[in-house]
Amino acid sequence: MRSLRRAKIMGTGMYLPEKRLTNADLEKMVDTTDEWIVTRSGIRERRIAEPDQAVSDLAVPAAQMALKNAGIAPEQIGCVILASFTPDRTISATACIIQHKLGCKNAGAFDIEVACSGFIYATTLGRSLIETHVCDYVLVIGADILSKVIDFTDRNTCVLFGDGAGAVVLGPSANEDEGIFDVLLGADGGGADHITIPAGGTQMPTTVKTVEDRLHYVKINGKEVFKFSTKIVGDMIEQVLTRNNLTLDNVKLIIPHQANIRIIESAAKRFNCPMDKFFINLDRYGNTVAGTIPIGLHEALGEGKINKGDIVLLAGFGGGLTWGLVAMKW
Ligand SMILES: CC(C)(COP(=O)(O)OP(=O)(O)OC[C@H]1O[C@@H](n2cnc3c(N)ncnc32)[C@H](O)[C@@H]1OP(=O)(O)O)[C@@H](O)C(=O)NCCC(=O)NCCS
């Protein structure tokens, strides 16, 4: 049996649709104001996919960019994992469609659905495949098209979300001191109803009535999710730091899920640390669900905010309820 080896992120990529939907646009659609959206969430605009774009159409260019940046050919990929709750269709898995479009002909492929924590869970799986020598290189993608499952007559939800995709290539680290050194996963299914699409599954199959009652759109209990999120972000950061004998001073950057600026501010307040410890792009893209963290990571690298040897934390939380954290040394 071969010994475990450490996995690291070798390259990143992202893709965002061109079309912008601003708060001023939303003011014309529902009873809301730019001022309310900015002060309650921090979001100013978000991207919207074209009617003929499916999640695989966003995922493929993000993945191609990650492959190019990693210097890895599609045939070298051993597994494609897509985190998304807005797949192209229920079956086949969208990861298979992506695998085919990319030409990853030596790869297995599967989807996971863990909503806003999806990229963290998918990265955790990819890391294990590499550590245990099942694969040498794994493509992990987080992508969602919320604009197709959001009710644009419901001001409680339509202002919060956007469309986008991010991707990473994971591979073995040559150096034991580099790469993913800890992960944390958590769930509380008692909160499953707080973020949901009520109809269209086996619990409530699609009928004319479910469509008429608008039950195929995302419903959120914003207050409960907000309460949960503000606590869990700090809790998981603290847990991982403590068990690795680290303090926040050792951490260069935290890339949190981009749901609401006030959730991130509350974590900064809890640790009494400056906001620039946290990467933020929700003002430009809103909450792209599984896309937020890999998009954030790609942008943070592009902006020179992460350098070799830096400790970086990726922190996801949301539907399920679920949460998860990936800790790595760059
Ligand atoms: C949704 C969210 C921004 C609301 O912020 P909040 O501070 O809880 O909201 P408040 O309590 O201040 O305000 C709620 C009021 O604003 C109203 N409101 C909701 N959306 C609005 C909008 N777009 N424009 C204006 N008013 C709005 C509500 O109807 C409610 O009115 P009421 O009190 O008369 O019933 C916040 O709770 C949040 O970000 N929650 C998490 C979101 C989420 O689930 N994301 C996905 C998973 S990570």
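Please treat every number below as a calculation from the coordinates, not as lab data. What you see is a predicted model, and the numbers here were worked out from it, not measured in a lab. Ideal geometry is used to build each Cβ from the backbone, glycine not excepted, and the neighbour counts take in all protein chains shown.
Counting charges near Gly291 (Lys, Arg +1; Asp, Glu -1) among other residues having Cβ under 9 Å from its Cβ returns a value of -2.
For Glu18 and Glu303, a Förster radius of 25 Å and the Cβ-Cβ distance give a FRET efficiency of 0.70, rounded to the nearest 0.05. Here is the list for the stretch 247-330: GluC sites (Glu not before Pro) lying in DSSP coil, each with at most 11 other C-beta atoms within 10 angstrom of its C-beta, are Glu303. Length available on full extension from Lys105 to Glu265: 0.36 nm per residue minus the Cα-Cα distance, which gives 53.2 nm.
In whole Hz and in residue order, list the ³J(HN,Hα) couplings for the stretch 68-75 that follow from phi through the Karplus curve 6.51 cos²θ - 1.76 cosθ + 1.60, θ = phi - 60°; x for Gly and Pro. Each residue's phi maps through the Karplus curve to give 4, 5, 7, x, 10, 7, x, 5 Hz.
Distant-in-sequence amide contacts of Phe181, defined by a placed amide H-H separation under 5 Å and a gap of 5 or more residues or a different chain, comprise Ala327, Met328, Lys329. So which lysines pass the test for Lys277, namely a Cα distance under 25 Å, with those fewer than 8 places away in the same chain ruled out? Counting by Cα, and skipping residues close in sequence, Lys277 has these lysines nearby: Lys8, Lys227, Lys231, Lys252, Lys269, Lys305, Lys308, Lys329.
Potential lengthening of the chain between Met204 and Glu113 amounts to 30.9 nm, from the contour at 0.36 nm per residue minus the alpha-carbon distance.
When shorter helices are ignored and each DSSP H run of at least 4 residues is given -39500 (n - 2.57), the per-residue value for the chain at 222 nm works out to -9500 deg cm²/dmol.
The largest-to-smallest principal axis extents of the Cα set in the stretch 112-200 are 52, 28, 24 Å.
Annotation for the stretch 78-165: trypsin sites (Lys or Arg not before Pro) lying in DSSP loop with at most 14 further Cβ atoms inside 10 Å of their Cβ are Arg89, Lys105.
Whole-percent P(r), the stretch 187-330, all Cα pairs, 5 Å bins from 0: 2, 9, 18, 20, 18, 13, 8, 6, 4, 3, 1, 0. Taking the number of Cβ atoms within 10 Å of each Cβ as an exposure proxy, the fewest-first ranking of Cys135, Cys96 is Cys96, Cys135.
Spin-label model, Glu50 to Ser92: label points 7 Å out along the Cα-to-beta-carbon direction sit 2.4 nm apart. Once both labels are positioned 7 Å from their Cα atoms along Cα-to-Cβ, the gap between Asp283 and Val38 label points is 0.9 nm. Over every Cα atom in the chain, the radius of gyration and the widest Cα-Cα span, Dmax, amount to 18.9, 63 Å. If the chain linking Leu246 and Asn156 were pulled fully straight, counting 0.36 nm for each residue of separation and taking away their Cα-Cα distance, it would gain 28.5 nm. By the count of neighbouring beta-carbon atoms within 10 Å, fewest first, Met236, Met14 end up ordered Met236, Met14. Taken one residue at a time, the phi angles of the stretch 103-114 give Karplus couplings (6.51, -1.76, 1.60, θ = phi - 60°) of x, 7, 6, 9, 10, x, 8, 7, 9, 10, 10, 10 Hz. Gly and Pro are set to x.
Close amide-amide hydrogen proximity is noted between Ala109 and Val80, each under 5 Å apart and 5 or more residues distant or on a separate chain (H modeled in the peptide plane; Pro and chain starts excluded).
Annotation note: GluC sites (Glu not before Pro) in the stretch 168-245 located in DSSP loop regions with a Cβ neighbour count of at most 11 within 10 Å are Glu176. Taking a sphere under 9 Å around the Cβ of Arg5 and counting the other residues whose Cβ falls inside, with K and R at +1 and D and E at -1, yields a net charge of 0.
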